[in-house]
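The values are calculated or read from the model by the stated rules, or taken from the named source; none is laboratory data. Because the structure is predicted, anything quoted here is derived from the model rather than measured. As a convention, Cβ positions derive from the backbone with ideal geometry for all residues, glycine included, and neighbour counts pool all protein chains shown.
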């Protein structure tokens, strides 16, 4: 059976669906391997979820580490990754990633304007065997990029709503601005913005977009992939929608799904996820289009219950893409003088752990009531926090807006928020005792270098732990955010989508959040999303181009 | 401080233009992102706008204080002070007769974001001010000319 049309509206060798890091890397590599390439994008802007990210790439044994004299090895990286993936990811996939990411990066830096430098971020579990701390970081951060180089196409680049400043990770370190954004030279940043510079995920995508434009590849926007066209068991193209008409696009060598996750699709979330995602942090176009297409050809699925969870907050009235903006909590939860509590006023997590892993307790359910144990929950902090650090967009010393609850006593704050007052008062008293000792026996907050990285080095004795005792006290409610789901079709080591029988489906590839990702339930380190997305996009493109 | 000046010719007598511009309720909804405004007294009002700053859209509340209302010179000047955002600014409407049925209407608007990240916000706002001023001035022109037709 086939749904092959009598006539194609467009024809190409390799068709890429999606314009995040996985998609544009695929496009560039396929073209450089001799294939004709078309890229389609559902939204009106190029950049995908990557644009909304920090733009980091987690890459063991990369050439920047070598140039800086940082030791790493394949074996160390594999030992580390196996502890992260917990046996839920095929080992050959992890090995392929470790073996290919350095080569992919070298290729992309040699052939496109994309440039990276070593950051100082520790792996997300540096205490694991094979883990690295910030001194020998495996994370690379993108250099700033001048959007003016895109010419008229600059208007098609998706801006970064929350990490849009033209800065590098190295500068953030140099200025000690991770925990103290007030140290940023905002006059300099304004000057850079005026010149057209961008940073983080936007810089990564701008550089990849320029790499595409240099190869005469300009993604066709506002074009949504609907259905795979299959002939004799092989994927040979797709049906897409442009405004109100359906078009047929052939892809003689392969279709690469790089269309993101399904965190904006209520039905798919309800089907696969064990908890709620009410406030995704990604652009609202990730509706599982690629997943549904893969399912239509009986793809083998994996990792379907997982996502890149991110406890988030929302400033009333703030919107992006016509939807409320969800702001993920990074330093807000990891610095001293703040805790996260549930409605009983109890802490339930190491607030300073990696955003993906510290999210997991938010989905715990009470076995009797079936209610979430830790939702709703709140950040609770004191005036010392506000004196020293930024909270969301509120800089130290600035007036605290009404959407952040405040009160002169902990109990009064609890009443305002709907938290058990006695419970919160007791918890704060207990936590202050831990601060005194510099240890958190309940959740080990501040025990390893990862927590310290996101803490305040000037805070003694523990960079992560600070008293909550100076009024006024503040609270802000949390929501379940997500940078994307990370389950989908399982893929081969060449990023071919696997059939339920385990064999590759001819003509179909996938990379990025649309797939069952290589890190499985957890996260390797900063860039553990984009690194594999680009790497498997690279592998998919090379394989497809040779067909 | 981001500032924009926008002029257009309204095909109407100056008195008609002045009469229209003098009634804030008539043209307030023409301001991009306008949600509501509430007049506190003859000079002061609170405006709620839903506006873009870069890629973000935020709801801002501002207090507008009319500092100069000159019927003879056909000029209105006002100051702006952010309530929920750190911003200050001001603006001016000036109507100048060009002929019996032509009036030049000039709209000047300036706004300055404050706080630590003010310089960055100003860069984001700068390219947005001119289209905002142009759209508002053109809608006012159209409305006056429609009244005259």
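Quick notes on this structure:
- Options B:53, B:60: the member that is in contact with a helix residue (DSSP H, G or I) (Cβ under 7 Å, 6 or more places away or on another chain), within 14 Å of another protein chain (Cβ to nearest Cβ) and within 18 Å of residue B:129 (Cβ to Cβ): B:53
- Considering only residues in the stretch A:393-405 that are out of contact with any helix residue (DSSP H, G or I) (no Cβ under 7 Å at 6 or more places or on another chain) and closer than 12 Å to residue A:474 by Cβ, the one that is surrounded by the fewest Cβ atoms within 10 Å (Cβ to Cβ) turns out to be A:402.
Residues checked against (1) in contact with a helix residue (DSSP H, G or I) (Cβ under 6 Å, 6 or more places away or on another chain); (2) within 25 Å of residue A:20 (Cβ to Cβ); (3) within 13 Å of chain B (Cβ to nearest Cβ); (4) surrounded by 17 or more Cβ atoms within 10 Å (Cβ to Cβ):
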| position | (1), (2), (3), (4) |
| --- | --- |
| A:84 | no, yes, no, yes |
| A:90 | no, yes, no, yes |
| A:96 | no, yes, no, yes |
| A:104 | yes, yes, no, yes |
| A:108 | no, yes, no, yes |
| A:146 | no, yes, no, yes |
| A:179 | yes, no, no, yes |
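- Per the listing B:36, B:43, the residue uniquely loosely packed, with under 15 Cβ neighbours inside 10 Å and within 14 Å of chain A (Cβ to nearest Cβ) is B:36.
- Top-ranked residue in the stretch A:182-219 [being more than 24 Å from the chain's Cα centre (by Cα) and more than 14 Å from chain B (Cβ to nearest Cβ); ranked as nearest to residue A:34 (Cα to Cα)]: A:215
- Residues that are surrounded by fewer than 21 Cβ atoms within 10 Å (Cβ to Cβ) and either free of Cβ contacts under 8 Å to residues at least 24 places away in the same chain or facing chain B (nearest Cβ under 7 Å) (or both) within the stretch A:158-171 comprise A:159, A:171, listed in sequence order.
- Residue within the stretch A:456-472 that is at pLDDT 95 or above, touching a helix residue (DSSP H, G or I) at 6+ places or on another chain (Cβ under 9 Å) and in a strand (DSSP E or B) present: no
- Meets criteria (under 20 Å from residue A:354 (Cα atoms), touching a strand residue (DSSP E or B) at 6+ places or on another chain (Cβ under 8 Å) and either part of a helix (DSSP H, G or I) or more than 14 Å from every other protein chain (Cβ to nearest Cβ) (or both)) for residue A:130: no
- Every residue from the stretch A:321-337 that is buried (at least 20 other Cβ atoms within 10 Å of the Cβ) and at negative phi: A:325, A:326, A:327, A:328, A:329, A:332, A:333, A:334, A:335, A:336
- Residue within the stretch A:502-518 that is surrounded by fewer than 19 Cβ atoms within 10 Å (Cβ to Cβ) and free of Cβ contacts under 8 Å to residues at least 12 places away in the same chain present: yes
- Unique match (being buried (at least 20 other Cβ atoms within 10 Å of the Cβ) and at positive phi) among A:286, A:303, A:281, A:298: A:303
- The condition of being touching a residue at least 40 places away in the same chain (Cβ under 8 Å) and over 26 Å from the mean Cα position of the chain (by Cα) holds for only one of A:465, A:483, that being A:465.
- Remark: residue B:84 falls outside the filter, which requires a residue to be within 14 Å of chain A (Cβ to nearest Cβ), touching a residue at least 40 places away in the same chain (Cβ under 8 Å) and in contact with a strand residue (DSSP E or B) (Cβ under 8 Å, 6 or more places away or on another chain).
- With a requirement of 1 or more residues that are away from every other protein chain (no Cβ under 14 Å) and over 19 Å from residue A:471 (Cβ atoms), the helices (runs of 4 or more DSSP H) lying completely within the stretch A:354-432 that satisfy it span A:355-359.
- Test: residue in the stretch A:314-335 that is in a loop (DSSP other than H, G, I, E, B), modelled with pLDDT of 95 or more, touching a helix residue (DSSP H, G or I) at 6+ places or on another chain (Cβ under 6 Å) and more than 14 Å from chain B (Cβ to nearest Cβ): no
- Candidate set from the stretch B:93-149 (those that are within 12 Å of chain A (Cβ to nearest Cβ) and in contact with a helix residue (DSSP H, G or I) (Cβ under 6 Å, 6 or more places away or on another chain)); member that is nearest to residue B:33 (Cα to Cα): B:113
The rows are residues; the columns are (1) in contact (Cβ under 8 Å) with a residue 40 or more places away in the chain; (2) part of a helix (DSSP H, G or I).
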site	(1), (2)
A:19	yes, no
A:26	yes, yes
A:35	yes, no
A:66	no, yes
A:107	yes, yes
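A quick yes/no check of all residues on (1) assigned by TED's automatic domain parsing to the domain that holds residue A:466; (2) within 21 Å of residue A:23 (Cα to Cα); (3) in contact with a strand residue (DSSP E or B) (Cβ under 7 Å, 6 or more places away or on another chain):
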position	(1), (2), (3)
A:278	no, no, yes
A:284	no, yes, yes
A:288	no, yes, no
A:305	no, no, no
A:319	no, no, yes
A:322	no, no, no
A:336	yes, no, no
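- With respect to being more than 30 Å from residue A:234 (Cα to Cα), within 14 Å of chain B (Cβ to nearest Cβ) and in contact with a helix residue (DSSP H, G or I) (Cβ under 9 Å, 6 or more places away or on another chain), residue A:309 falls outside the description.
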